[in-house]
Amino acid sequence: MRSPSRRSLRARRKEHGGAAGILSSAGAGLLSIFVGLALLPLVIGTVGSGAYGLWLLVSAVSIYLQYADVGVGSAIVHFGSRSRAGVQGHTFSQYVSGGLMWNLLVATAVVPLFAALAVFITSSNADAAGVSSADANALALLATLMLACLLISPFASALIGAGLLPVERRNQSIGIAVRCAGTLTACLVFDSIVWLAAAEVVAAITPHAAAVATLAKRKLLKISFRHGAFSALRKMLRYSIRSFGVALVGATILQLGTVVVGSVMGPSDVTYYNAAFRVYTAARQLLTWIVDPFRSTLSRQFVEDPTRARRILTTLCAVAFGASALGAGVLVFGASDIVHLWLGASVPAATIALTMIVFLIGFVINSIQIPMVPAGDALGRPGAFFLIQLTWLVAFAVLSFPLVDGLGIVGAALALSAPLAFIAPLYLWRARSVLELGTDDWRASGIFAIVAVVVAATTLASVAAGIQFLAGLQPLSLYSTLAFAMSAAIFALILRKHLPAQRFVELLRAKL
């Protein structure tokens, strides 16, 4: 059957702008953060830290192996967006069909191998986690089902490539709601780690299934595994394999800490590590979801107007740094009170708070680089930052085992964050040559004014924390948080003429 024409594709979908993309991404991200953080105390108090730590360990490997598609999903977004910009080549349906064909082949090879690995992980750690053999095998099966999402994951990428990212984020929100309802049921009714894991698996599958339903309802695709799909797949693989290295290394960095803590310490410590890491990943996910709407925008703009594309990129970097620094500052200065109110007295709150602080400091240092990797992909230079990412991974791997052995979960956070002291400048140096971003571009973005606001607010909040410490009070408390927030607001008002307000408005008006 013939694929829908570009005109019919545009006729069947509503154009969405940057504001819709940011709002939908941020909304879904905030909902995910709230659900993930709010439910953790209930999970620890019912199914236990050991059992949940075992599920976190095996599901982390499952999530990691979803990168076995070698980045074909990002290739669908890239080429679908360029197709909408008028670039000639294969049809959108051919790209998606090729992606489905590839993921079917990958799943056929990877899923059975992971099933055996999952059984080994759960059975070898079952006693330490306090889980029965039957429950351990059930967890292995559920983690395998989660990995099987590979079979339909290209449909979610197709929604983004078609300019329907707000719809895809709506589907993500539905999945989060399913996770919330399922977790509450598993903990309050069944008090079972198996039911909890089942709820998380169903929640992971839901957005992909909803994407299938959305695309079918709007008749945006005609799936066909004919010659056009094969040639489209070859084209996508030439692109995706180069970007895949960066994505795989990034995923390895995010999952390695869980594996190291589980190997060196134990399932309960995985849960405590995950509590601090969940704050870090929630903040990073929220920032990534704010940046993601502009993947398709940058892909089109680097074709139509490269100068405007770089203006959008530097604005994104400035907004990413400002949002992450201000958000992380609030969490860092209130870390002790936040963890105590969140998880209670039954957990090592001081250790979790310190781990969270180390993670968040690294997050702020890394935030300005988060938009650069998708920008390199959009420019047609996938993998441009691969060696830098690989250097970060190697440093993390080298440091993680001795630091975890000596400092526990704080050591894992330190191993992740410390290398960024030299990794961050390497990103900026690479961006200068690959993305042609110079000092003038950064000055025009308003990022120096944002840095001034953050430094001033941090200094005053640190003074307030020091005064509390000298008075015999908890230095990192909600009072320090209030001092940071008020200082940031005052200095932002003073420097308002130098902040990128107008550029941010332009960003919101950009078409996805």
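List of remarks:
- Estimated purely from DSSP H runs of n ≥ 4, each contributing -39500 (n - 2.57), the mean residue ellipticity at 222 nm for the chain is -27500 deg cm²/dmol once divided by its residues.
- Exposure of Thr439 as accessible area (Å², to 10), given a probe of 1.4 Å and all protein chains: 70 Å²
- Compared with the rule-of-thumb size 2.2 N^0.38 Å for a compact globular protein, segment 282-397 has a Cα radius of gyration ratio of 1.29.
- Share of carbon and sulfur in the accessible heavy-atom surface of the chain [1.4 Å probe, %]: 68 percent
- Over every Cα atom in segment 154-193, the radius of gyration and the widest Cα-Cα span, Dmax, amount to 14.4, 42 Å.
- Accessible surface, 1.4 Å probe, highest first, among residues Asp305, Asp127: Asp127, Asp305
- Rough spin-label spacing in nm, given labels placed 7 Å along Cα→Cβ, for Val505 and Ser462: 3.6 nm
- Within the chain: Cβ-based charge dipole about Cα centre, in debye rounded to nearest 20 (Lys, Arg +1; Asp, Glu -1): 2860 debye
- Candidate values [x] 72, 63, 39; [y] 63, 62, 48; [z] 76, 51, 45, label of the one derived for Cα extents along the principal axes in Å: [x]
- Taking one quarter of the surface of the convex hull spanned by the alpha-carbon atoms of segment 201-242 gives a direction-averaged projected area of 4.4 nm².
- Residues Val194, Val189, sorted by accessible area with the largest first, give Val189, Val194 [1.4 Å probe; ligands and nucleic acids excluded].
- Heavy-atom accessible surface of Met146, to the nearest 10 Å², is about 10 Å², with a 1.4 Å probe and all protein chains retained.
- When the surface is traced with a 1.4 Å probe over the full set of protein chains, His208 keeps roughly 40 Å² accessible.
- Per residue accessible area in Å² of segment 97-156, where ligands, DNA and RNA are left out and the probe is 1.4 Å: 42 Å²
- When the chain is described by a simple charge dipole with +1 on each Lys and Arg Cβ and -1 on each Asp and Glu Cβ, the residue from Met356, Leu316, Phe491 located farthest towards its positive end is Leu316.
- Take every Cα pair under 8 Å whose residues are at least 6 apart in sequence, average their separation, divide by the length of the chain, and the relative contact order is 22 percent.
- Order of exposure, largest accessible area first, which applies to Val291, Val319 with probe 1.4 Å: Val319, Val291
- What segment 194-244 shows is 50 Å² of accessible area per residue, with the surface traced by a 1.4 Å probe over protein heavy atoms.
- Accessible area per residue in Å² at 1.4 Å probe, computed on segment 321-480: 42 Å²
The values are calculated or read from the model by the stated rules, or taken from the named source; none is laboratory data. Remember, it's a predicted structure, so these values are computed and weren't measured experimentally. Here Cβ is always computed from backbone atoms with ideal geometry, including for glycine, and neighbour counts include all displayed protein chains. Ligands, DNA and RNA are excluded from the accessible area calculation, which covers all protein heavy atoms including side chains. Shrake-Rupley method; radii C 1.70, N 1.55, O 1.52, S 1.80 Å.
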